[in-house]
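Participant: Okay, handing you the structure first.
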Amino acid sequence: MITPSSTEPAAGTGYPVGAGLRIGTVELSSPVFIAPMVGITDRAFRDLARELGAGLTCTEMTAAAALVRAPEDALNRILDMGSDERPVAAQLVGCDPILMADAAQICVARGADIVDVNLGCPVPKVVRLGSGAALARDIDQTVAVLEAMVNSVSVPVTAKMRLGWDQQSINAPELCRALEQVGVAAVTVHGRTRAQRYTGCADWDEIARVREAVDHIPVFGSGDVRDPAEVEARIRQGVVDGVVVARGMLGDWNFLEQTVRQLRRGDPGPEPSFQERLGLARRHWDAVVDQHGERLGVRLSRKFVVWAIKGCSGAARLRARVADLNTRAELEELFAEISSAGEGPGGWHRPAFTSGEG
Ligand SMILES: Cc1cc2nc3c(=O)[nH]c(=O)nc-3n(C[C@H](O)[C@H](O)[C@H](O)COP(=O)(O)O)c2cc1C
């Protein structure tokens, strides 16, 4: 947990780094933006991330076309934002200006402080429709979509994209400049091309070119954010105004805590023990069950339990039981066993994701 005293800047050292960052009218308590992640960033995940110091969280992407047709109960499920969840962004994907503007209004009516557009999704079923990374290839159409949204809502509209379609067609600097001119309030750039998907390394020199290209809007960098000291250096050096944490915190809540601490006082704090890591993982599982109810919540938390088990002794035996988890009591029992098994020889485990939607 971050103690209140850790939020105070150390005298004369320029901490906290990234203080006072704003997206339009929305002030962020830290420059750490938790990535939208399909199947992961539900309310339970976002609440814990905010408590651990995230300055902004975001729903997973939702197709505008589905949102405008969704009945009330489906809207409650898809846009699961709470009234005390501030600030929060809702992410949309789509390529039709009218649908996207209508969907943005729905997001705002349901509590979004910011509406973000996914211009980086690489998956075939999205790009085939001309959305995600495919939309970003066409700067004029992207501008038309974002301008319609900016004109339809009073909250800031932001965009998240890749560097370009492939190495030969990098257009993020040009695209971001054009978006700034129609009122887009911030941009996030994942430093890979669509062709790269999740291979290779994110190119932060290219991300820096985007920051040089825009006039005044904040630029967030995304891609391989894994090292708190590197995050601090990139913000201090003006490479970016803030960072997006994604795979780096999956299965590792402490990475978020450490990054926020680094930015608040220049030191990530001690390496967490196995029990501390497990404690945060457990809080997340409980929150998932609280949000979704016992039946669905326990089922949804199975994958998160598997992440924790991989790092503990006797992992194979414990993992075999995850598929049978159905009740809160069984989850509780398994947690107690993982806790007493202790850390395995390979240390705490982070899952490997080689695909995603942005
Ligand atoms: C499982 C998963 C789901 C994702 N879902 C989304 C999404 O809904 N919207 C989006 O803009 N990006 C999405 N992304 C991309 C991330 O937001 C981030 O830009 C990307 O993972 C690069 O950062 P990293 O290398 O630090 O993970 C997703 C990534 C993963 C791994």
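Participant: Looking at the chain as a GNM with Cα springs under 10 Å, which of ARG162, ARG197, ARG69 has the largest mean-square fluctuation?
Facilitator: With Cα springs under 10 Å in the chain, the top fluctuation among ARG162, ARG197, ARG69 is at ARG69.
Participant: Could you give the accessible area per residue of segment 211-358, probe 1.4 Å, as a whole number in Å²?
Facilitator: The answer is 44 Å² per residue.
Participant: Follow-up question, since we're still on this one. Between segment 246-298 and segment 95-113, how far is it from one alpha carbon centroid to the other, in angstrom?
Facilitator: Centre-to-centre (Cα) distance: 31 Å.
Participant: A further question on this structure: Given a 1.4 Å probe and every protein chain left where it sits, what share in percent of the accessible area of the chain is carbon and sulfur?
Facilitator: That fraction is 49 percent.
Participant: How high is the relative contact order of the chain, given as a whole-number percent (alpha carbon pairs under 8 Å, six or more residues apart)? Could the numbers behind the result be given before it?
Facilitator: Details: 730 pairs, mean separation 56.8, N = 358.
With pairs under 8 Å counted, the relative contact order is 16 percent.
Participant: Hey, can you rank 133-140, 26-33, 342-349 by average C-beta count inside 10 Å, highest first?
Facilitator: Descending packing order for the listed peptides: 26-33, 133-140, 342-349.
Participant: State the antiparallel share, in %, of DSSP beta bridges confined to the chain, rounding to the nearest 5.
Facilitator: On the way: 4 of 33 bridges.
Taking every DSSP beta bridge with both residues in the chain, the antiparallel ones total about 10 percent.
Participant: Name the long-range amide H neighbours of GLY164: under 5 Å, sequence gap of 5 or more, or other chain; modelled H, no Pro or chain starts.
Facilitator: Distant-sequence amide H within range of GLY164: ASN171, ARG194.
Participant: Let me ask something else about it. In what sequence, highest mean first, do 313-321, 113-121, 53-61 appear when ranked by Cβ atoms within 10 angstrom?
Facilitator: Per-residue Cβ counts within 10 Å, averaged per peptide and sorted highest first, yield 113-121, 53-61, 313-321.
Participant: Whole Å is fine, so just give me how far the alpha carbon centre of segment 27-90 lies from that of segment 176-241.
Facilitator: What the calculation gives is 21 Å, centre to centre.
Participant: Could you work out the relative contact order of segment 274-341? I mean the mean sequence separation of Cα pairs under 8 Å and 6+ apart, divided by the number of residues, in percent.
Facilitator: In percent, rounded to a whole number, it is 33.
The values are calculated or read from the model by the stated rules, or taken from the named source; none is laboratory data. Owing to the predicted nature of the structure, the values given are computational and were not obtained by experimental measurement. FYI the Cβ positions are ideal-geometry reconstructions off the backbone, even for glycines, and counts take in every protein chain you see. Just the protein is used for accessible areas: all its heavy atoms, side chains included, with ligands, DNA and RNA removed. Shrake-Rupley method; radii C 1.70, N 1.55, O 1.52, S 1.80 Å.
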